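A quick write-up on the structure given underneath.
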Amino acid sequence: MDGTLVDTERLWWEAVEHVAAGLGRSLTEADEEDVLGRPVEHTAEMLSRATGAPFTEVAADLHREFADRVRSGVVARPGALRLLDALAADGVPTALVTASPRVIADLVVEGLGAGRFAVTVTADDTPRTKPAPDPYLAACRALGVEPASCVAVEDTRTGVSSAEAAGCAVLAVPSLAPIAAAPGRTVRESLEDVTPAGLRDMITTREVPEPSDPSDLTDPSDLPESSDLRDSSDPRELRVMSWNLWYGGTKVRHHREKQLKIILESGVDVIGLQETYGTAARELAEALGWEYHQAGENLGVISRFPITGRLGAADPGFYGGTGVRVTLGPDQDVVLWSAHLDYTPYGPYEASFDGLAGPELADHESVRLGQVREILAAMAPDLVARDTTPVLLVGDFNAPSHLDRDDSEWPVTRAAEEAGLRDSYREAHPDPVRSPGHTWSPIHTEHEDGSGRPEPQDRIDYVLYAGTGLKVLDSRTLVTGTPRTWPDVEDNDWPSDHAAVITTFSLGRVVRSD
């Protein structure tokens with residue numbers, strides 16, 4: 001509604017700007033993420049937190065200022081009314097989906113003509129609003145249609161995230177902030193030349209691109225989108241990701257929005273997270289409409305499927321492991337553990353900079369070896385039952401693999417292998433020379449000490465698995481865009497210092513062991 005059908009996005013910005021100024025705070029471009037496309041409550045919480053003003057008073061002031069501006073008259077966006085009339089003439093049911101409250105939406109709809117919409121969904125009508133998928137899913141249910149048969153017309157990145165998470169094709173017509181094109185998403189400057197036939201084409205020509213080279217660091221446009229035609233109630237494939245978020249992503253501007261975009265476009269199902277910075281697992285899951293498990297300040301798992309069990313210590317510390325049981329469908333579970341091991345001493349530095357080799361390098365892995373053995377001991381019951389409930393161990397091991405380098409035993413990955421875990425990336429790409437799969441580091445090309453020495457590049461993040469119920473279809477590393485190198489990273493599209501690892505498994509029928 002706001003900024004797409006009517007020119008209220010600017011009115012909303014002006015209302016927020018007015019209220020913020022009264023609290024002694026000036027809005028900047030950095031505030032767009034917390035203002036554009038957001039419900040009143042979200043923006044009120046942001047201003048309350050930033051200024052110390054009571055939340056209820058800020059929210060009331062925002063409601064009043066925005067409503068006053070809407071009542072003074074709203075102007076339809078170019079081409080909006082013509083497109084609505086053309087859809088009505090073609091018999092295409094249309095829903096209005098907005099993050100604005102019902103009282104504001106009703107004012108706008110009255111001005112546009114209530115008969116133009118079969119359904120209206122506002123921030124008051126679902127437990128969560130944009131960027132969660134709930135409002136678009138509610139609109140599709142009310143219209144009696146599948147999301148894959150719908151085109152959502154949006155003007156903000158928050159709204160686009162919501163629609164794409166629900167599984168809709170998206171026509172983006174940016175109002176105040178730019179929106180990039182992506183698979184399943186069309187970007188236009190206005191609605192003036194948009195027709196019902198053009199909207200139909202956005203669905204019928206929607207394609208899932210095939211990756212060109214699975215051994216490369218891959219842009220998300222090379223990966224299937226989250227709304228591909230997979231039946232989440234009885235999946236035949238499982239896409240698993242390991243991702244070190246790097247201080248929760250906070251080194252990069254708009255990191256949370258970028259993380260959500262990456263997750264949605266990669267089409268992953270379950271993610272083992274490291275460096276969650278305390279709240280990242282919860283915030284990402286709530287925005288996506290997923291379930292989550294947070295273990296201490298550093299480890300977490302988020303899943304589009306129900307998390308039906310939590311394993312290991314509630315707070316394993318900064319380094320360690322945590323696990324969950326995920327129910328994929330009737331009589332079909334998997335267990336996934338996310339791990340983060342200590343980074344000191346770092347073997348590749350000792351090999352490249354200090355000249356250590358063989359036994360010395362192996363001896364210096366003792367801290368990480370002890371940590372992985374503790375995790376494997378906690379996983380022992382799961383590993384015993386792996387042929388009825390497949391098991392995954394993902395994470396940042398801060399250690400190269402014995403399958404990649406022959407200058408040491410590299411005992412950490414060997415210990416996982418001896419416990420029955422297989423390396424999915426190396427199974428998909430057996431040749432470490434042709435497909436090195438480096439995950440450290442897309443932003444470090446030179447060592448941080450200023451010496452100019454090249455930073456050793458290695459594969460230190462893994463998706464390991466065990467059990468006859470999983471078969472590797474593909475595994476790849478993921479980095480979006482072309483990241484600038486440290487320390488000029490603030491505007492990177494990729495909000496991490498590690499590449500992620502994504503493995504797609506086919507699922508055999510398994511029977512839950514409980």
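The values are calculated or read from the model by the stated rules, or taken from the named source; none is laboratory data. The structure displayed is predicted, hence computed values, not measured ones. Every residue, glycine among them, receives a Cβ derived from its backbone with ideal geometry; neighbour counts consider all protein chains shown. Each accessible area value is taken on the protein alone, full model and side chains, heavy atoms only, with ligands, DNA and RNA left out. Shrake-Rupley method; radii C 1.70, N 1.55, O 1.52, S 1.80 Å.
Quick look at the values:
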read-out: Flag if R64 is of a type outside the set (S, T, Y) and without any contact (Cβ under 8 Å) to a residue 24 or more places away in the chain; value: yes
read-out: Failed criterion for W243 (all others in (1) open to solvent by 10 Å² or more (accessible area, probe 1.4 Å); (2) modelled with pLDDT of 95 or more hold); value: (1)
read-out: All positions within the stretch 481-495 that are open to solvent by less than 10 Å² (accessible area, probe 1.4 Å) and out of contact with any His (no Cβ under 9 Å at 6 or more places or on another chain); value: V489, N492, W494
read-out: F66, sole failed condition from (1) within 18 Å of S26 (Cα to Cα); (2) open to solvent by 20 Å² or more (accessible area, probe 1.4 Å); (3) modelled with pLDDT under 85; value: (2)
read-out: Residue list for the stretch 105-134, filter: surrounded by 24 or more Cβ atoms within 10 Å (Cβ to Cβ) and part of a helix (DSSP H, G or I); value: A105
read-out: Selected residue [open to solvent by 10 Å² or more (accessible area, probe 1.4 Å) and within 18 Å of G248 (Cβ to Cβ)] from E350, E291, E297; value: E297
read-out: All positions within the stretch 274-284 that are within 11 Å of the chain's Cα centre (by Cα) and either surrounded by 23 or more Cβ atoms within 10 Å (Cβ to Cβ) or within 14 Å of V324 (Cα to Cα) (or both); value: A280, A281, L284
read-out: For G309: the one exception among (1) more than 23 Å from H402 (Cα to Cα); (2) open to solvent by 20 Å² or more (accessible area, probe 1.4 Å); value: (2)
read-out: From P214, P209, P235, residue being open to solvent by less than 20 Å² (accessible area, probe 1.4 Å), within 30 Å of Y465 (Cβ to Cβ) and modelled with pLDDT under 80; value: P235
read-out: Of residues in the stretch 86-104 being over 15 Å from L143 (Cα atoms), outside any loop (DSSP other than H, G, I, E, B) and not charged (D, E, K, R), the one least open to solvent (accessible area, probe 1.4 Å); value: I104
read-out: Helices (runs of 4 or more DSSP H) wholly inside the stretch 340-399 that include at least 3 residues being in contact with a His (Cβ under 9 Å, 6 or more places away or on another chain); value: 347-352
read-out: Restricting the stretch 161-204 to residues that are β-branched (V, I, T) and at pLDDT below 90, the residue that is farthest from V6 (Cα to Cα); value: T204
read-out: Some residue of the stretch 390-401 being β-branched (V, I, T), open to solvent by less than 10 Å² (accessible area, probe 1.4 Å) and modelled with pLDDT of 95 or more; value: yes
read-out: Within the stretch 144-203, strands (runs of 3 or more DSSP E) holding 3 or more residues that are of a type outside the set (S, T, Y) and in contact (Cβ under 8 Å) with a residue 12 or more places away in the chain; value: 151-154, 169-172
read-out: Residue within the stretch 95-108 that is without any contact (Cβ under 8 Å) to a residue 40 or more places away in the chain and polar (S, T, N, Q) present; value: no
read-out: Leading residue by the ranking (surrounded by the most Cβ atoms within 10 Å (Cβ to Cβ)) among those in the stretch 12-54 that are of a type outside the set (A, V, I, L, M, F, W, C), over 20 Å from R69 (Cβ atoms) and under 30 Å from the mean Cα position of the chain (by Cα); value: E33
read-out: Condition met for V270 (touching a strand residue (DSSP E or B) at 6+ places or on another chain (Cβ under 6 Å), over 30 Å from D363 (Cβ atoms), crowded, with 22+ Cβ neighbours inside 10 Å and in contact (Cβ under 8 Å) with a residue 60 or more places away in the chain); value: yes
read-out: Qualifying residue in the stretch 324-331 (condition: under 17 Å from G395 (Cβ atoms), in contact with a helix residue (DSSP H, G or I) (Cβ under 6 Å, 6 or more places away or on another chain) and either modelled with pLDDT under 95 or not small (G, A, S) (or both)); value: no
